[in-house]
Amino acid sequence: MLYAVLTLLLLAWGGSYVMFRSRMKRTAQEINLLPKRVQVLPDAVHHLVGKPLSYIHRLAPLPESLFGTRSVVMLLSTTCPYCPTRLEEFMEQYLPYNPVAYLCLIQAEEDRELEKFGKLYPGLPMLRVTRQALLDLQLDEFPNFLMVGEDGRIEDCVSRAQFLPALERR
């Protein structure tokens, strides 16, 4: 009797193992038939690159100090959880060693939202822009940084995670 029970258990385990292996092979074959993952090219260029700074000036009145010099235009939002840390990194790690003209465009629907941000960073030149103005520029990810060359053309548009490494490459 014990021999018969052990034989049945061994056959059941063996059958389960064979079914499991065949299912795994079939799954591996199906995975190989799937299209390979699409990679975003590192050369992908934002549509603002190469445009003059005056392209943005028509949507948000920029100060004259940004024109004719290397500058950084930061695009932040009062509701962005990453913006304060990226702004602090920029002010601590980059500005002291590479002084450039800079401006902070903050997406805020009301002036009091901008005032709250201004209290956190006194002395930082800030302008309020509407969400619609940023959508017109196709800038909907925050923070975003526009590097502007001396010729007044936008050289690079860098999003949140790429910002500091992009400045180091320049």
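The values are calculated or read from the model by the stated rules, or taken from the named source; none is laboratory data. None of these values were measured; they are calculated from a predicted model. We place every Cβ from the backbone using ideal geometry, glycine too, and count neighbours over all the protein chains shown.
Hey, among the residues in region 36-71 that are part of a loop (DSSP other than H, G, I, E, B) and of a type in the set (Gly, Ala, Ser), which one's modelled with the highest pLDDT? Selected residue: Gly50.
Set side by side, the residues Ile106, Ile154 differ, and just one is among the β-branched types (Val, Ile, Thr), surrounded by 14 or more Cβ atoms within 10 Å (Cβ to Cβ) and either under 17 Å from Tyr82 (Cβ atoms) or at pLDDT below 80 (or both), which is Ile106.
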